[in-house]
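J.: Please find one structure pasted underneath; my questions will follow.
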Amino acid sequence: MSINILKENNVRNNRLNANALKKVKHISHISHNNENFYTYELIQSIAKFLLDRINIRPKIGIICGSGMGTIADSLTDRHIFPYETIPHFPVSTVPGHEGRLVFGCVNGIPIMCMQGRFHYYEGYPLWKCAMPIRVMKLVGVTHLLATNAAGGLNPDFEVGDIMIIKDHINLMGFAGNNPLLGVNEDRFGPRFPPMNKAYNKKLREAVHGAAKDLNMSSIVKEGVYSVIGGPNFETVAELNMLRICGVDAVGMSTVHEVITAHHCGMTVIAFSLITNKCVTNYDDHSEAKHSEVMEAAAERAPLIRSLVSKIVSYIDENHLICTDEIFSP
Ligand SMILES: O=P(O)(O)O[C@@H]1C[C@H](O)[C@@H](CO)O1
Ligand SMILES: Nc1nc2[nH]cnc2c(=O)[nH]1
């Protein structure tokens, strides 16, 4: 890389960091402390704040992964709330995460979309990262479609593949870190929720069907996702350990959202875009980079939008909304 390109990259990175710092400057203290958990009533007040300002009543929630914000841009009849304008909301600090809630429609079907999610490595505790899922629940959302960018650990995966998540390994949970930490709020869900059916089977099959209709079957895989806290990418030894444990793709998000959504009875479908192949060999000199993650996401944006649109229509047409799977607080 030439000196000039390095200089330009530095200037760009400094600008991104300065913007992120500007966004968080009104927060006096970001830390992983577990004081001030959100109460049910506080989440209700956030839901009310939003519902008072929009006409639509979405049943489907979408979370855009890194670099996948164009899912939100493609909604019609949009009503946008930058996170800093919503009471009690954290703000996004990661490039590729716009940091706004976008209400709008996909094929005429009302959607609540997070154009940017919250990650543990940004300094927020997991219960705070997952708070918008509970807001979705109280707004009336019954189905969650979460997307993320992930490193491909399964050697059969290529950059640009889409992995439907069939299960996860919550590595952070192994260390006692969980979005459901704290006194349980029974109005959301039980103290000890089962997690063996977190990723809805019917919807997973539907995504395969949608991929076939879109001639994408060759790039749509299924597998196990694991979360590490980040922000550093993994070492070779860590990745080899995860592979032995049956992990197909590794990332830094999604699991806290899925646990929170499943806990409160939402039906969940999630997929990873494989944005880089994990380096599992000491002779391989390539390195994971966020810029590559963003590039891979931009490249696949049109296909991801088509897939999302098919999934949304499937949920709507098959009357999956309001089944008895849904928990009502
Ligand atoms: O929000 P996601 O999980 O899509 O973002 C991934 C994980 C890190 O935040 C980032 C690394 O490039 O992409
Ligand atoms: N942890 C992790 N997150 C990612 N997000 C995109 N690629 C990767 C990766 O290789 N590792």
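J.: Could you go through the stretch 103-111 in sequence order and give the Karplus-derived ³J(HN,Hα) for each residue, using 6.51 cos²θ - 1.76 cosθ + 1.60 with θ = phi - 60°, rounded to whole Hz, and x for Gly and Pro?
T.: For the stretch 103-111, the Karplus curve yields 9, x, 10, 10, 6, x, 9, x, 9 Hz.
J.: With an 8 Å cut-off on Cα pairs and a minimum separation of 6 or more residues, tell me the relative contact order of the chain in percent.
T.: Worked out over the chain, it gives 22 percent.
J.: Something else: With the chain treated as a Gaussian network of Cα nodes joined by springs under 10 Å, which of ILE311, ILE219, ILE228 yields the largest mean-square fluctuation?
T.: ILE219
J.: Each label point is 7 Å from the Cα along the Cα-to-Cβ direction; what then is the distance between the points at THR70 and GLU299, in nm?
T.: Simple spin-label model gives 1.3 nm for this pair.
J.: With +1 on the Cβ of every Lys and Arg and -1 on the Cβ of every Asp and Glu, and nothing else charged, how large is the dipole of the chain about its Cα centre, in debye rounded to the nearest 20?
T.: 780
J.: What number, in percent, do you get for the relative contact order of the stretch 140-265 if the mean sequence gap of Cα pairs under 8 Å and at least 6 apart is divided by its residue count?
T.: 45
J.: With springs only between Cα atoms under 10 Å apart, run a GNM on the chain and tell me which of CYS278, CYS245, CYS64 wobbles the most.
T.: CYS245
J.: Further, regarding this structure: Which pairs break 28 Å Cα to Cα here: LYS48/LYS212; LYS59/LYS166; LYS59/LYS289; LYS48/LYS289; LYS48/LYS310?
T.: LYS48/LYS212; LYS59/LYS289; LYS48/LYS289; LYS48/LYS310
J.: Something else about it: How about the stretch 213-310: which GluC sites (Glu not before Pro) there lie in a loop by DSSP and see at most 12 other Cβ atoms within 10 Å?
T.: GLU287
J.: I need the calculated FRET efficiency for the pair HIS88 and ASN240, taking r as the beta carbon distance and R₀ as 51 Å, to the nearest 0.05.
T.: So, using R0 = 51 Å, E works out to roughly 0.80.
J.: Continuing with the same structure: Between THR147, THR254, THR76, find the one with the highest GNM mean-square fluctuation for the chain; connect C-alpha pairs within less than 10 Å.
T.: For the chain, modelled as a Gaussian network with Cα springs under 10 Å, the answer is THR76.
J.: Cβ under 9 Å from PHE157's Cβ, PHE157 left aside: what net charge do those residues give with Lys, Arg +1 and Asp, Glu -1?
T.: -2
J.: Say the dipole of the stretch 257-299 comes from +1 at the beta carbon of Lys and Arg and -1 at that of Asp and Glu; which of GLY265, CYS278, HIS290 then lies farthest toward its positive end?
T.: Result: GLY265, furthest along the dipole toward the positive end.
J.: Quick check: convex hull of the Cα atoms in the stretch 31-317, volume per residue, rounded to a whole Å³? Don't skip to the end; give the middle numbers.
T.: Details: hull volume 34.3 nm³, N = 287.
So the per-residue hull volume is 120 Å³.
J.: Right, here's the next one. 222 nm [θ] for the chain, helices only, -39500 (n - 2.57) per DSSP H run of 4+, per residue, to 500?
T.: Working: 10 runs with 114 residues, N = 329.
Computed mean residue ellipticity for the chain: -10500 deg cm²/dmol.
J.: What FRET efficiency, computed as 1/(1 + (r/R0)^6) with R0 = 35 Å and r the Cβ-Cβ distance, is obtained for ASN215 and GLU287, rounded to the nearest 0.05? Please list the in-between numbers first.
T.: Working: r = 33 Å, r/R0 = 0.95.
Step by step, r from the Cβ atoms, then E = 0.60.
J.: Stretch HIS208-ASN196 to full length: gain in nm at 0.36 nm per residue minus the Cα-Cα span?
T.: Extra length from HIS208 to ASN196 when fully extended: 2.3 nm.
J.: So if I place +1 on the C-beta of Lys and Arg and -1 on the C-beta of Asp and Glu, and nothing else carries charge, what would the dipole magnitude of the stretch 41-192 be about its Cα centre? I want it in debye, nearest 20.
T.: The dipole magnitude comes to about 540 debye.
J.: Considering only DSSP beta bridges where both residues belong to the chain, give the percentage that are antiparallel (nearest 5).
T.: Given both bridge residues lie in the chain, the antiparallel proportion sits at roughly 40 percent.
No value in this document is a laboratory result; all are computed from the given coordinates. All values derive from a computational prediction rather than experimental measurement. As a convention, Cβ positions derive from the backbone with ideal geometry for all residues, glycine included, and neighbour counts pool all protein chains shown.
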